[in-house]
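The values are calculated or read from the model by the stated rules, or taken from the named source; none is laboratory data. Just so it is clear, the model here is predicted, and its values are computed rather than measured. Quick reminder, even Gly has a Cβ in these numbers, built from the backbone with ideal geometry, and neighbours come from all protein chains shown.
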Amino acid sequence: MPSHALYPKLFSPLDLGFTQISNRAVMGSMHTGLEEAEGGFPRMAAYFAERAAAGVGMIITGGISPNEEGGHGAKLSNATEADQHKLITEAVHAANSDTKICMQILHAGPLAPLDPVAPSPVRSRISPVTPRELDADGIQKQLYDFANCAKQAQIAGYDGVEIIGSAGYLLSTFLVEKTNRRTDEWGGSFENRMRFPVGVVKQVRAAVGDDFIVIFRIPAMDMLQGGMSKDEVETLALAIQDAGATIISTHFTWHEAMVPTISTRVPRAAFTQVTGRLRKILSIPVITSNRINTPEVAEDVLVRGDADLVSMARPMLADSQFVAKARDGKANEINTCIACNQACLDHTFTGQEVSCLVNPRACHETVLRPQPVIEPKHIVIVGAGPAGLSYAVTAAERGHRVSVYEARDEIGGQFNLAKRIPGKEEFEETIRYYQVMMQKYGVELHLNTPVSVEDITALKADHVVIASGVAPRHPNIPGIDHPKVVGYMDAILGLKPIGERVVIIGAGGIGFDTAELVSHAGTSAALDIEVFAREWGVDFANHPRGGVTGVEPQVETSGRDITLLQRKTSAIGKGLGKTTGWTHRIALDRRGVKMINGVDYQRIDDEGVHLLRDGQPMTLPADTVIICAGQEPVRNLYDELKDQGISTSLIGGAFESHEIDAKRAIKQATEEALII
């Protein structure tokens, strides 16, 4: 069915007067790490061009600093740097002359790693460095540098720029009293505090002329205690409009805020209502964003009148063909972003190159290039977890004949556990995607079919891939076979009853997921915006300062007494994702889950769990002890096949099982399936 029937709003053009955006789908800004990488610009060109060729209406690049003090490497301030950017703009326009590409100007301000500057010397909670206060001349320099950066972007062939005025970066720190303590014309009243961001827009517009897109990303609800009020946001938006902005893009948090806005535990389109209210007072188009990951959700947002354009950054990482598939009536083939952040934002905030857990080709388009096979092979895959499924779909798409054998009655492997955890329901989307793509490419799927060496030998495959995954590890603790001991798989799948006093042995990702499940009650916040708002203390209706000031989180719990244990003396949860780990820790803390590290397990018996901590004995009474103590690879079949001289490879958890790591498993499977 054509897009105009399925998603008429999403695929309608937007007239800006001097130019037109072909549809309402925006690939939002996401820093990839290629901006600073050696040879990164050709890779960025291929990355953006692939999305442009699929028909996205507008692309916004990752953040580029206007000067040295504004960032961590990626800068645009002169003609030489502009020449590099021409690789990107020319590639995008060659791929699709209708796609607009805008460069984001990002001045990190107090979050810059070297010589950070800010309106006042107030250190961010997430930075180790106190910024240098800008004097009057320093402020004028920043204004000039923003305008110069925009002009260089125009020379480089961009269709516009986005100025980020949110997230705790430089412009937003002028807007909030806690970070702007100045008493001159740049501080004090809100009119003075907004003078700098408004001045930036004015200077940029003067530098680039009228026929150039200028987007301003506004902190529509900054999620800060004592943050911007609703009236201040509206006052700023109107002033930015008057200053010459073409479009206002709404953003909903500072990086140091204590409300999740980007993780999988956030409901889809959770914040678009905030954009919708702001849109009513403006006469220029408005972009909304955050957790909009399907064309159906995007269409609903536009139909409700919450925005004129919909920004989808991570969804364009997950599937470069998102727009083309939606346009062609093939939305069921979209590899949906599950907001796990493991290969994208977690990489961004740890200085690594960005990619995508469900699409390892993202940002590696010049390296991981699917090529049709010249001589198709018959490939047998044992195991239908994420690794086996990724290998199967990639190999079959290239033209190989692929057969998958799975001992269980469903595909998905460990993702079938993840999707049952409150806040991780999106993991079902990846299983759905693989199911659809296996059918599309003719993969033979055999469920409830364990196989032996003899079975595989009889199949006479050209190559066998062992993706048999992992088995839970049973630690050598006296009493490990006690009736009250339950494995994490049985606990998550609901196969064993869970008592009122629960001790969880192991505080890795599975331990946290299990604690989340057994401590939870009621509807998952990821599925209900009202529950989410209550759990995280957000008042969408009244919009107090920051959306959160004076609002106490209210969490419904199972009422169980739960203790999470860890052998290591390091902080519990330290190994969780950079951008999501803190949300897991806060959620469990609010449900009263106790966390104890540095323990030495002694035994499990009728009394409970006996352990030593700092040499002192402790006994934790327990009705149920859940074991989350890691995994071991299931690879016996691989060893037997190798002994038989059969062409065999090993992938996923069966290859390495130190931690359950779908990111590594899918990446390895994809890479190997691209070269066989």
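Points to keep in mind about this one:
- Verdict on P66 being in contact with a strand residue (DSSP E or B) (Cβ under 9 Å, 6 or more places away or on another chain), assigned by TED's automatic domain parsing to the domain that holds F11, crowded, with 18+ Cβ neighbours inside 10 Å and free of Cβ contacts under 8 Å to residues at least 40 places away in the same chain: no
- Any hit, region 394-401, residues being assigned to a loop (DSSP other than H, G, I, E, B) and touching a residue at least 12 places away in the same chain (Cβ under 8 Å): yes
- Helices (runs of 4 or more DSSP H) (entirely within region 203-320) containing at least 1 residues that are touching a Lys or Arg at 6+ places or on another chain (Cβ under 8 Å) and surrounded by fewer than 24 Cβ atoms within 10 Å (Cβ to Cβ): 230-243, 272-279, 295-304
- Within region 133-176, tally of residues that are among the β-branched types (V, I, T) and not in a helix (DSSP H, G or I): 4
- Test: residue in region 557-577 that is under 26 Å from P497 (Cβ atoms), in contact (Cβ under 8 Å) with a residue 40 or more places away in the chain, surrounded by 16 or more Cβ atoms within 10 Å (Cβ to Cβ) and under 21 Å from the mean Cα position of the chain (by Cα): no
- Pairs with Cβ under 8 Å, 6+ apart, first in region 141-162 and in contact (Cβ under 8 Å) with a residue 12 or more places away in the chain, second assigned to a helix (DSSP H, G or I) and among the charged types (D, E, K, R): Q152/E81; A156/D83; A156/K86; G157/K86; G157/E90
- Near pairs, Cβ below 9 angstrom, 6+ apart or cross-chain, from region 217-238 (under 15 Å from N542 (Cβ atoms)) to any residue that is in a helix (DSSP H, G or I) and aromatic (F, W, Y): M223/W536; M228/F190; S229/F190; D231/F190; E232/F190
- Lone qualifier among I334, I374, I381 - being out of contact with any Asp or Glu (no Cβ under 7 Å at 6 or more places or on another chain) and surrounded by 19 or more Cβ atoms within 10 Å (Cβ to Cβ): I381
- In region 519-538, residue farthest from F271 (Cα to Cα) [restricted to those that are in a helix (DSSP H, G or I) and among the β-branched types (V, I, T)]: V531
- Summed over region 71-87, residues that are at pLDDT 95 or above and in contact with a Pro (Cβ under 9 Å, 6 or more places away or on another chain) total 4.
Yes or no, residue by residue, for (1) in a loop (DSSP other than H, G, I, E, B); (2) polar (S, T, N, Q):
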position	(1), (2)
A5	no, no
K9	yes, no
S12	yes, yes
F18	yes, no
V26	no, no
S29	yes, yes
L34	yes, no
A37	yes, no
F41	no, no
